1. What FRET efficiency comes out for the pair Thr53/Thr113, r = Cβ-Cβ distance, R0 = 22 Å, nearest 0.05?
2. What FRET efficiency, computed as 1/(1 + (r/R0)^6) with R0 = 22 Å and r the Cβ-Cβ distance, is obtained for Ser37 and Ser141, rounded to the nearest 0.05?
3. Please give the net charge around Gly60, taking every other residue with its beta carbon less than 12 angstrom from that of Gly60, where Lys and Arg add +1 and Asp and Glu add -1.
4. Taking the Cα-to-Cβ direction at His106 and at Thr131 and moving 7 Å from each Cα, how far apart do the two end points lie in nm?
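Just so you know, all these numbers are worked out from the coordinates, no wet-lab data involved. All of these numbers come straight from a predicted model, not from anything done at the bench. Methodologically, a virtual Cβ is constructed for each residue, glycine included, from the backbone with ideal geometry; neighbour enumeration extends over all protein chains shown.
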Amino acid sequence: MTRKDFFARVGFGAATLLVPSCIAGIATSCSSESEGSPTPAPTNVDFTLDISTGSLATNGGFLVHNGIVVARTNTGEFLAVSASCTHQGTNVNYNAAGNKFICPNHGAQFSSTGVVTQGPASSNLQQYNTTLTGNSLHVFS
Ligand code: FES
């Protein structure tokens, strides 16, 4: 038996043995690999952002900083909630038109204060306080 023949037979045999188990494992391994875990909501939050430039300089903009999504509504108010979706941890986006947070992963939606309004998430996002002084936005627990 040549080396080529050996690997051809062993390789084919191994593939024959592994394929069914791989196929059987796809459903669970693929779904478990794509699932994340929500990151716990940040605690002891206390930071300041300069809103004179960047996404918070205009109404409707938002950014994620230190695990918190900070948004500026279409009426110029500031919102701050934990960024990690409570379903599987994907960062939520702010939707200015609806004044809500939407998870791009499975579509969970949260009100402007972080309350779940549409699953699959079942827990609220943590809301944080904001205070604007000039161009400095203080975000805190
Ligand atoms: S991670 Fe599933 S809805 Fe957000």
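1. Working: r = 27 Å, r/R0 = 1.22.
Efficiency, from the Cβ-Cβ distance: 0.25.
2. Details: r = 22 Å, r/R0 = 1.01.
So, using R0 = 22 Å, E works out to roughly 0.50.
3. Details: positive: Arg72; negative: Glu77.
Net local charge, Gly60 excluded: 0.
4. 3.9 nm
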